[in-house]
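The values are calculated or read from the model by the stated rules, or taken from the named source; none is laboratory data. Everything quoted here is computed from the prediction, not taken from an experiment. No Cβ is skipped: glycine too gets one built from the backbone with ideal geometry, and neighbour counts run over all protein chains shown.
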């Protein structure tokens with residue numbers, strides 16, 4: 001890689017740094033000198049230098065603006081008579097610093113409107129991006145997202161975790177609330193990855209079934225456990241599309257349900273007692289702690305007790321998993337199958 005020497009005079013540096021726009025002007029000065037050095041390297045000769053290696057001649061300058069996080073930089077781009085000089089600073093037709101473009105895209109992904117993005121960039125960078133420009137930049141994400149969502153999935157996924165959240169989606173018409181279906185999986189080597197996402201008009205057995213079929217077409221197989229909340233349509237779709245797999249009701253969702261059913265003064269105690277149940281070493285211990293839970297909160301939080309009674313069996317499916325393949329009965333092992341799996345869905 002070529003190295004370039006940049007020269008700044010003793011009088012230039014103080015004047016640059018004493019003004020609010022000094023950093024921007026300093027960067028512009030450095031880049032302009034880099035452009036000159038690149039042109040000299042490209043031509044094989046400096047200005048007015050006689051050389052047998054000269055590959056062309058200079059032909060003036062053209063100003064070009066580069067939009068960056070420190071503001072717009074006005075650069076004097078040198079030209080050659082044959083138009084062969086292409087500065088490395090610029091990619092073809094690119095006038096924005098890549099980090100700034102990525103920041104614009106991230107704002108759009110996080111739900112910031114194109115109008116607000118345009119206003120933010122004007123305040124931060126001293127230049128305004130129109131709503132159409134922001135939208136055009138954001139469309140560059142579509143290809144990457146589609147490639148990720150359509151990628152081939154290889155290898156078995158013994159554990160699949162699914163959930164949905166509702167988010168605002170802008171289509172051709174007004175902004176509406178839609179279900180975002182999410183699936184992640186744990187491979188046999190323990191690596192966890194997001195398997196796919198899908199937008200549905202509602203969280204129903206039909207939308208979940210379509211989503212599961214798409215995952216299976218892309219290579220999801222060998223599923224032994226599926227973890228989710230107890231949404232009726234979701235549970236039905238799991239049973240139809242992952243026949244033979246064990247359904248594990250998500251303990252985190254159950255704990256949230258318990259908090260919603262418990263009086264405010266008992267919520268902390270209910271939560272701690274529920275955690276003890278789910279952290280039990282075996283099913284017998286879990287049943288004993290469940291009994292203690294019911295007895296303790298029978299009068300002060302009866303709805304929470306009923307909720308735990310209804311959810312207990314479905315949340316204990318994890319007890320089917322062995323501990324460690326080397327020491328199946330040794331609970332002193334710092335990591336084991338069952339605890340690792342609990343971490344996954346909690």
Apart from one, (1) touching a helix residue (DSSP H, G or I) at 6+ places or on another chain (Cβ under 9 Å); (2) at pLDDT 65 or above; (3) not assigned by TED's automatic domain parsing to the domain that holds residue 63 all hold for residue 143; the odd one out is (1)
Restricting the stretch 213-244 to residues that are free of Cβ contacts under 8 Å to residues at least 60 places away in the same chain and touching a helix residue (DSSP H, G or I) at 6+ places or on another chain (Cβ under 8 Å), the one surrounded by the most Cβ atoms within 10 Å (Cβ to Cβ) turns out to be 237
Of those in the stretch 142-190 that are in contact with a strand residue (DSSP E or B) (Cβ under 7 Å, 6 or more places away or on another chain) and part of a loop (DSSP other than H, G, I, E, B), the residue surrounded by the most Cβ atoms within 10 Å (Cβ to Cβ) is 157
Next item on the list: Answer with yes or no whether residue 248 is modelled with pLDDT of 90 or more, under 29 Å from residue 190 (Cβ atoms) and not in a helix (DSSP H, G or I).
Entry: yes
Apart from one, (1) at pLDDT 95 or above; (2) surrounded by 15 or more Cβ atoms within 10 Å (Cβ to Cβ) all hold for residue 302; the odd one out is (2)
Handout entry: Meets criteria (modelled with pLDDT under 70, under 20 Å from residue 24 (Cα atoms) and loosely packed, with under 14 Cβ neighbours inside 10 Å) for residue 91
Key = no
In the stretch 150-164, anything at pLDDT 90 or above and either within 17 Å of residue 214 (Cβ to Cβ) or under 20 Å from the mean Cα position of the chain (by Cα) (or both) is listed as 150, 151, 152, 153, 157, 160, 161, 162, 163, 164
Flagged in the stretch 245-254 as closer than 17 Å to residue 278 by Cα and touching a helix residue (DSSP H, G or I) at 6+ places or on another chain (Cβ under 8 Å), in numbering order, are 247, 248, 249, 250, 251, 252, 254
Listed by first then second residue, the pairs whose first member lies in the stretch 301-323 and is part of a helix (DSSP H, G or I), whose partner is at pLDDT below 90, with beta carbons under 7 Å and at least 6 positions apart or on separate chains, are 318/338; 318/341; 318/342; 319/282
